[in-house]
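No lab work stands behind these numbers, since they all come straight from the coordinates. What you see is a predicted model, and the numbers here were worked out from it, not measured in a lab. Ideal geometry is used to build each Cβ from the backbone, glycine not excepted, and the neighbour counts take in all protein chains shown.
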Amino acid sequence: MFEMSAAAVASLVGVVVVVGISMYNEDINVGIIAIAFAIGVGALFANLSAVDIMRAWPIDLFMVLTGVTFLFGIATTNGTMEKLTANAIRLAKGNTALIPFIIFMLITIITTIGPGNIATVTLMAPVVMAIASRIGMSAFLMTLLVVGAANGAAFSPISPTGIIANSLVAKMVPQLEALGQHVGDLNILAWRIHLNSEIAQLAGNIGGFLLLGGWSWIKNQRHSTLSIDDIAPKPEPLNKNQWLTIACIGILVLLVILPSLSITKDFFPHEIMNLIGTGKTANVGAIAFLLSSVLLIANAGDSKAAVESIPWTVIIMVGGMGVLIDVMDKAGGLNALVGLIASISNPVSVNGILALVTGVISAYSSSSGVVMPMFLPLVPGLIDQLGGGNALSMISSINVGSHMVDTSPLSLFGAICIACADDKEDKGKLFRRLLIWGFSMSVVGAILCYIFFGLLGL
């Protein structure tokens, strides 16, 4: 049994209640509830003032998420992303067997360069589910393809989910270094986390797509006579505002990547780095605000529509949970939770256990808004109490475990794909198949994380 102070117990109870609320009623923004619990627990049990508690709001993360999602809100609302999508799908021409590959690559690229998995699935689901009906592919298979591609790329350092994860990781770097974990360059670490996510999602959702009928469908398309104009009608040419938007997105990607590469970083003088970051590394949020201003001044975007497209719900959830987890840490609850997980784990098996627990909770709750802010801060303590382990592997297990279940119809992604499925689809059957698949992914994700990140140490 663990001996815990009253403050630690109260903070743990507070977190469990907030997570429970998020699992029971998805219409309530638990970020607000989390802040209320943080103030109550901190003031009554941990001798913390409300003012000190609210200072824990992650302002850096808030600014980065707002800047990036605003920029891509402009790109979405001015029609740029829609035309790029249509033109990309038309690359298949008469070869319909290429369409799943093109959709996978398109969703991967769009998610990676900035909009993130939520915005990309919301944007793409109506298009690709309609295409699935036209080419004779089941909505179930298309959902696996869409969600697998989006979540595989979700941890790009430029996308919102990757920004959330990397912000939480950056806070734990001093603790990890003190435990002998060589973190190294945070930019390189961020891309390694991204790669691990791609590997696991390919094995899970994309593997499922191929095994459960996708490969058979691809082979049967050799005799297809469908016209690409029937599948994806040719869009109007890009206008000057949309070309300017594409240029700004390209500049964003280059300014984030090039300053972090050893062969190109010397081309960026100190003054430029101060303008786009900290003087040492580029900040994707700062760059996004600068480029968004260029688009607005050029009248290439609607600021009101872009503001409305920002995922405020997720941002408030992440910020609120961050405040509550900060109180939980100061009250001793974080150490208690670490001790509980460490008592049933070893440095290898902990990866599978973390993936299983985060997967089960994420099936009912927000992966990036609730689960990641709760579990990622546990990593240094787990390494300390287990006497070893790999920080990158544990981080990847939490990230992958919390996102493998997103095909469930109880999640945003599964629900969107069902809503966008063709009327000819049996949506009751689709709901059941996605529900079974989504919940099974908590176990499959745990096994994959145990193998990839535990045994193989990726």
- Item | Dipole in debye (nearest 20) - the stretch 234-311, about Cα centre, beta carbon charges: Lys, Arg +1; Asp, Glu -1 | 80
- Pairs of lysine residues in the chain - Cα separation under 28 Å, sequence separation of 8 or more or cross-chain: 19
- Message: Could you work out the relative contact order of the chain? I mean the mean sequence separation of Cα pairs under 8 Å and 6+ apart, divided by the number of residues, in percent.
- Response: 25
- The distance between the Cα centres of the stretch 319-384 and the stretch 201-240, in whole Å, is 38
- Query: Among Leu212, Phe45, Gly162, which residue has its Cα positioned farthest towards the positive end of the charge dipole of the chain, with +1 placed on the Cβ of Lys and Arg, -1 on the Cβ of Asp and Glu, and the dipole taken about the Cα centre?
  - Reply: Leu212
- Computed about the Cα centre, the charge dipole of the stretch 307-458 from +1 Lys/Arg and -1 Asp/Glu charges at the Cβ has a magnitude in debye, to the nearest 20, of 300
- Measure nothing but the geometry: give the 0 to 90° angle between the long axis through the Cα atoms of 284-297 and the longest principal axis through the Cα atoms of the chain, rounded to 10°. 50
- Task: Classify the stretch 266-339 as rounded, prolate or oblate, taking a ≥ b ≥ c as the square roots of the eigenvalues of its Cα gyration tensor: rounded when a/c is under 1.5, otherwise prolate if a/b is larger than b/c and oblate if not.
- Result: oblate
- Any idea what angle helix 6-24 forms with the longest principal axis of the chain, computed on alpha-carbon atoms, 0 to 90 degrees, nearest 10? 20
- Taking the Cα-to-Cβ direction at Leu211 and at Ala305 and moving 7 Å from each Cα, how far apart do the two end points lie in nm? 4.3
- Compute the long axis of helix 186-201 from its Cα atoms, compare it with the longest principal axis of the Cα atoms of the chain, and write down the angle in degrees, 0 to 90, nearest 10. 60
- Given +1 on the Cβ of Lys and Arg, -1 on the Cβ of Asp and Glu, and no further charges, what dipole in debye does the chain carry about its Cα centre, rounded to the nearest 20? 940
- Message: If R₀ is 30 angstrom, what is the calculated FRET efficiency for the pair Asn47 and Tyr24, using the beta carbon separation as r and rounding to 0.05?
- Response: 0.45
- Note on the structure: Computed from the beta carbon distance with a Förster radius of 35 Å, FRET efficiency for Trp57 and Asn346 to the nearest 0.05 stands at 0.45
- Message: Just to be sure I understand, if you calculate Cα extents along the principal axes in Å for this structure, which of (i) 62, 54, 46; (ii) 84, 66, 43; (iii) 70, 53, 42 do you get?
- Response: (iii)
- Message: Under the rule of at least 5 residues apart or a separate chain, name every residue whose amide H is placed under 5 Å from the amide H of Gly277.
- Response: Asn283
